[in-house]
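Encoded as structure tokens, the structure appears first; notes follow it.
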Amino acid sequence: MPVINITLNDDAYNALQDEYRKMAIAWPRPGRAALPPGFDEWLAARAIGGEVEALPRAALDDVRTFTAIEKLITRLAQHGFGLAHLAKNDASLPDAARELSESLVGDLNLPSQQRKRIEELIEYYAKSAKEIADLGRVGVTNRAYGALHEACRDLVERTGSAVDRLGEERGVGRAEGAIAMLVSLGVMDRKTGTEKTEAFKLQARDSKKRSA
């Protein structure tokens, strides 16, 4: 038998090894040979554009399906998307990843051996909702937005009612600080913050005149 020596760089060799590994993952199934072909045998068949005789078409389809899932998950970030774990019903990420991988394997009729690999992919690339929000530079959610406005409004009102006790300077400082906090978080625009601060200063001065 002729012997052909081919020199490959590390990237090419690793790519072939990865492709072989995916084929081997899909191999075990009732009715198939007990073991997949060796790497050399598989590589020889691949080099001439053929298939290993013992590898059924269904196994190749399984490999292609797994590869499609892998590419989808690993390429999300490259295109500005993210795999978010929303932690519904307080499910942990490992539990959620396992449930999703089991569902995919069942729906796509993939070999059970692929479940663990899909689970690992999901768990590795998934991010929490907070991490996704941070990546998108989302300052606060709508719920937090409303809560912060309400808290600031309540603080300003209580401070206004206590100006006589706190003193004008201290009262204005407290209200101005709360408003500045919302502006720094991007919850309130700077113009609105300035208007509210000036309105409180006028209120504090009027209160001081009435008490004088």
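Residues in the stretch 110-134 that are more than 16 Å from Thr67 (Cβ to Cβ), of a type outside the set (A, V, I, L, M) and part of a loop (DSSP other than H, G, I, E, B): 1 in all.
Rundown of residues vs (1) farther than 23 Å from Arg21 by Cα; (2) surrounded by fewer than 18 Cβ atoms within 10 Å (Cβ to Cβ); (3) assigned by the TED database to the domain that holds Thr67; (4) modelled with pLDDT of 90 or more, yes/no style:
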position	(1), (2), (3), (4)
His85	yes, no, yes, no
Lys88	yes, yes, yes, no
Pro94	yes, yes, yes, no
Arg98	no, no, yes, yes
Glu102	no, yes, yes, yes
Asn109	no, yes, yes, no
Gln113	no, yes, yes, no
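I need the full set of residues from the stretch 149-171 which are of a type in the set (A, V, I, L, M, F, W, C), within 12 Å of Gly193 (Cβ to Cβ) and either within 35 Å of the chain's Cα centre (by Cα) or surrounded by fewer than 19 Cβ atoms within 10 Å (Cβ to Cβ) (or both), in order please. Within the stretch 149-171, just Cys152 meets the criteria. Can you tell me which residues in the stretch 72-109 are among the small types (Gly, Ala, Ser), assigned to a loop (DSSP other than H, G, I, E, B) and in contact with a Lys or Arg (Cβ under 7 Å, 6 or more places away or on another chain)? Hit for the stretch 72-109 is Gly82, nothing else.
Determine whether the stretch 172-187 contains at least one residue that is open to solvent by 90 Å² or more (accessible area, probe 1.4 Å), over 30 Å from Ala77 (Cα atoms) and not assigned by the TED database to the domain that holds Val63. Scanning the stretch 172-187 turns up at least one residue that is open to solvent by 90 Å² or more (accessible area, probe 1.4 Å), over 30 Å from Ala77 (Cα atoms) and not assigned by the TED database to the domain that holds Val63.
The values are calculated or read from the model by the stated rules, or taken from the named source; none is laboratory data. Note that this is a predicted model, so its numbers are computed, not measured. All Cβ positions, even for glycine, are placed from backbone atoms using ideal geometry, and neighbour counts span all protein chains on display. Each accessible area value is taken on the protein alone, full model and side chains, heavy atoms only, with ligands, DNA and RNA left out. Shrake-Rupley method; radii C 1.70, N 1.55, O 1.52, S 1.80 Å.
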